[in-house]
Amino acid sequence: MDHLIIGDIHGCFFTFTEMLKHWDRGKEYLISVGDLIDRGNYSALVVEECMKISNEYPNSIFLKGNHEAEIITHFEIGHNKNWMKQGGQKTLRDFDLNKSDLKDIIKWFKSMPLIFENETILVTHAGISATEDPENENNEHGVLWNRQNLKNMGKLQIHGHTPLKDVKPVYNNTSDSWNIDTGAVYGYGLTGLRISAKGRLIDKFHIKTDERDIISSSENME
């Protein structure tokens, strides 16, 4: 199968549903790099749709992002101050308004893989750098949190996490990697790459952020 790999959604439900129109559900994988929630206006609807897709399509993979890890920590320890500063309070309000089953949602988040990998591509939330134990969720340079230069893994890497705040994804020749977080929640749009089964770029998709999804200027944008 080919792959449609999409960047950080961050609660941008209407933008996300437009991107889904490019997914050939019967013929290709759908892979999300994570960060489904926070900052945007519709975290609950995004998660509801993603869980539905996950249940109905075995060719869909939703990777864990640092924001999924943050909400898990919040419920495990009772309060996560860092997450609350990054949109957590807004997300909790949205889940409450939608009467979301948080127990099931957190269970699903915990089940999310950190990596999708085959012979030709490697997809993570933040990319793999030259660090020990990149799958350690507490490693600041691991696949949930990394901001360092990426390691060339001998195959195409695709990641998000570091918002480009631009309408175009960026390819790095040295690491053979794409950053596809084009900052949907900041108004720049959501990016998707169609990658062949052999690891070659077939097409790029850019969905302009739907105005209904964008956070207000008063929200914390750190």
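May I ask you to list the residues in the range 61-101 that are aliphatic (A, V, I, L, M) and open to solvent by 70 Å² or more (accessible area, probe 1.4 Å)?
Hits for the range 61-101 are ILE77, LEU97.
List every residue pair whose Cβ atoms lie under 9 Å apart, where the two residues are 6 or more positions apart in sequence or sit on different chains, the first residue falls within the range 115-137 and is more than 12 Å from SER177 (Cα to Cα) and open to solvent by less than 70 Å² (accessible area, probe 1.4 Å), and the second residue, located anywhere, is of a type in the set (Asp, Glu) and in a loop (DSSP other than H, G, I, E, B).
From residues that are more than 12 Å from SER177 (Cα to Cα) and open to solvent by less than 70 Å² (accessible area, probe 1.4 Å), the pairs are ILE115/GLU135; HIS125/ASP8; HIS125/ASP35; THR131/GLU140.
Can you give me the number of residues within the range 114-140 that are more than 17 Å from the chain's Cα centre (by Cα) and not polar (S, T, N, Q)?
Here the count works out to 6.
Which one of the conditions (1) within 13 Å of the chain's Cα centre (by Cα); (2) within 15 Å of ILE5 (Cα to Cα) does ALA69 fail to meet, given that it meets all the rest?
Status for ALA69: all satisfied but (2).
Restricting to strands (runs of 3 or more DSSP E) lying wholly in the range 151-199: which have 1 or more residues that are open to solvent by less than 50 Å² (accessible area, probe 1.4 Å) and within 21 Å of ILE128 (Cβ to Cβ)?
Of the strands (runs of 3 or more DSSP E) lying wholly inside the range 151-199, those with at least 1 residues that are open to solvent by less than 50 Å² (accessible area, probe 1.4 Å) and within 21 Å of ILE128 (Cβ to Cβ) span 156-159, 177-179, 190-195.
The values are calculated or read from the model by the stated rules, or taken from the named source; none is laboratory data. Just so we're clear, the structure is a prediction, and the values are computed from it rather than from any experiment. All Cβ positions, even for glycine, are placed from backbone atoms using ideal geometry, and neighbour counts span all protein chains on display. Heavy atoms of the whole protein, side chains included, go into the accessibility calculation; ligands, DNA and RNA do not. Shrake-Rupley method; radii C 1.70, N 1.55, O 1.52, S 1.80 Å.
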